[in-house]
Amino acid sequence: MANAIRLADFRSAVFFVGAGMSAESGVPTYRGRGGVWGQYDYAEYACQRAFDRDPGKVLDFHELRRTRALACAPHAGHTALANLQAGHPALRVVTQNIDGMLQRAGVRVDAELHGSLWRLRCATHGVREDAATGSFATRHCERCGAALRPDIIWFEDAVDERVFAHAGDLIGDCALFVSVGTSGVVYPAANFIPLARRAGAYMVEINPEATEASAMFDRCIAEPAGTALATHFR
Ligand code: APR
């Protein structure tokens with residue numbers, strides 16, 4: 001492929017991933033056609049207030065998302081990214097996605113900015129993995145009986161400062177920054193795009209549509225992630 005981006009030309013690289021990376025696997029994005037927030041009001045299904053009001057309804061919604069994610073499979077773009085990372089250990093991955101699809105493809109994920117569908121947390125006793133099936137293995141903490149909530153950063157939640165600090169260290173020092181499938185409109189995660197620019201990284205955006213952040217990129221690849229990752233990088 002002419003003018004493919006050679007990872008060996010960069011001392012470090014961060015792939016910054018959004019929901020569009022999972023679109024070709026069949027996992028719906030959040031905005032735009034068929035988006036999750038077009039079908040479900042996050043204020044009813046994905047925020048602490050909704051959980052406090054009706055934990056069962058919120059957990060049911062997240063079990064539905066888990067079941068749907070399990071019915072999907074990683075696509076050629078995930079495999080391409082896993083292969084690139086295998087050949088270039090300095091390739092780091094920071095994702096906003098909670099579906100675990102990158103990990104299923106064998107991609108080493110350095111930061112899950114918005115948590116994971118495959119973990120639950122007790123306010124007192126912390127986080128536990130629960131990745132077996134669509135249904136949660138248990139909905140209550142075995143130590144205190146409190147209702148467990150998904151370990152996801154919902155709207156109005158505080159972010160996990162340690163996760164964001166780690167992502168900031170990686171992005172603030174990267175030589176290549178590749179944004180894959182994000183609309184770049186949700187903060188504070190979207191701040192990582194100008195951070196990469198300020199770090200002097202070569203900026204690449206992979207998105208079939210232009211975004212509000214497109215002007216910050218040196219190169220915009222208006223293709224789906226599956227095609228772009230498999231053909232424009234080596
Ligand atoms: N390949 C690449 N990009 C794609 C594809 C594809 N096949 N299909 C769609 N896209 C792009 C869309 O054009 C859009 O810009 O993916 C982007 C998805 O945007 P959003 O749905 O806003 O998802 P994301 O940017 O990840 O949202 C950020 O918002 O709701 C919160 O916490 C949630 O992590 C999420 C955050």
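The values are calculated or read from the model by the stated rules, or taken from the named source; none is laboratory data. No experiment lies behind these values; they were computed from the predicted model shown. Note: ideal-geometry Cβ built from the backbone for every residue, glycine included; neighbour counts use all protein chains shown. Ligands, DNA and RNA are stripped out before the accessible areas are found, and what is left, the full protein with its side chains, is counted by its heavy atoms. Shrake-Rupley method; radii C 1.70, N 1.55, O 1.52, S 1.80 Å.
For Ser183, the conditions (1) assigned by TED's automatic domain parsing to the domain that holds Trp37; (2) among the hydroxyl-bearing types (Ser, Thr, Tyr); (3) modelled with pLDDT of 95 or more are fulfilled apart from (1). The criterion of being surrounded by fewer than 21 Cβ atoms within 10 Å (Cβ to Cβ), polar (S, T, N, Q), modelled with pLDDT under 95 and over 19 Å from Pro208 (Cβ atoms) does not hold for Gln103. One residue stands out among those in the stretch 58-92 that are farther than 23 Å from Ser179 by Cβ and of a type in the set (Val, Ile, Thr): the one that is most open to solvent (accessible area, probe 1.4 Å), which is Thr67.
Annotation note: Cβ proximity below 8 Å between a residue of the stretch 207-225 that is closer than 18 Å to Thr95 by Cα and a residue that is among the charged types (D, E, K, R) and at pLDDT 95 or above (sequence gap 6+ or interchain) occurs for Thr211/Glu205; Ala213/Glu205; Pro224/Glu24; Ala225/Glu24. For the stretch 113-123, the condition holds for at least one residue, the condition being that it is polar (S, T, N, Q) and buried (at least 19 other Cβ atoms within 10 Å of the Cβ).
For Ile153, the requirement of being more than 26 Å from Glu129 (Cα to Cα) and within 16 Å of the ligand (Cβ to nearest atom) is not met. Whether a residue is under 18 Å from the mean Cα position of the chain (by Cα), in a helix (DSSP H, G or I) and farther than 30 Å from Leu170 by Cα was assessed, and Arg49 does not pass this test.
Would you pick out the residues in the stretch 58-92 that are more than 14 Å from the ligand (Cβ to nearest atom) and in contact with a strand residue (DSSP E or B) (Cβ under 8 Å, 6 or more places away or on another chain)? Residues satisfying the conditions are Val58, Leu59, Arg66, Leu84, Gln85, His88, Ala90, Leu91, Arg92. What are the residues in the stretch 29-57 that are on the phi < 0 side of the Ramachandran plot, near the ligand (Cβ under 8 Å from one of its atoms) and open to solvent by 50 Å² or more (accessible area, probe 1.4 Å), if any? Arg31, Trp37, Tyr42, listed by residue number. The residues of the stretch 56-78 that are in contact with a helix residue (DSSP H, G or I) (Cβ under 8 Å, 6 or more places away or on another chain) and either part of a loop (DSSP other than H, G, I, E, B) or of a type in the set (Val, Ile, Thr) (or both), listed by number, are Val58, Cys72, Ala73, Pro74, His75.
Quick check on the stretch 161-207: of everything there that is within 16 Å of the ligand (Cβ to nearest atom) and among the small types (Gly, Ala, Ser), which residue is nearest to Glu223 (Cα to Cα)? For the stretch 161-207, the residue satisfying everything is Gly181. Set side by side, the residues Ala158, Ala210, Ala215 differ, and just one is open to solvent by 40 Å² or more (accessible area, probe 1.4 Å) and within 12 Å of the ligand (Cβ to nearest atom), which is Ala210. The sole residue among Pro89, Pro150 that is within 17 Å of the chain's Cα centre (by Cα) and more than 17 Å from Gly20 (Cα to Cα) is Pro150.
Based on what the data block shows, is Val14 more than 14 Å from the ligand (Cβ to nearest atom), on the phi < 0 side of the Ramachandran plot and under 16 Å from the mean Cα position of the chain (by Cα)? For Val14, the condition - more than 14 Å from the ligand (Cβ to nearest atom), on the phi < 0 side of the Ramachandran plot and under 16 Å from the mean Cα position of the chain (by Cα) - is met.
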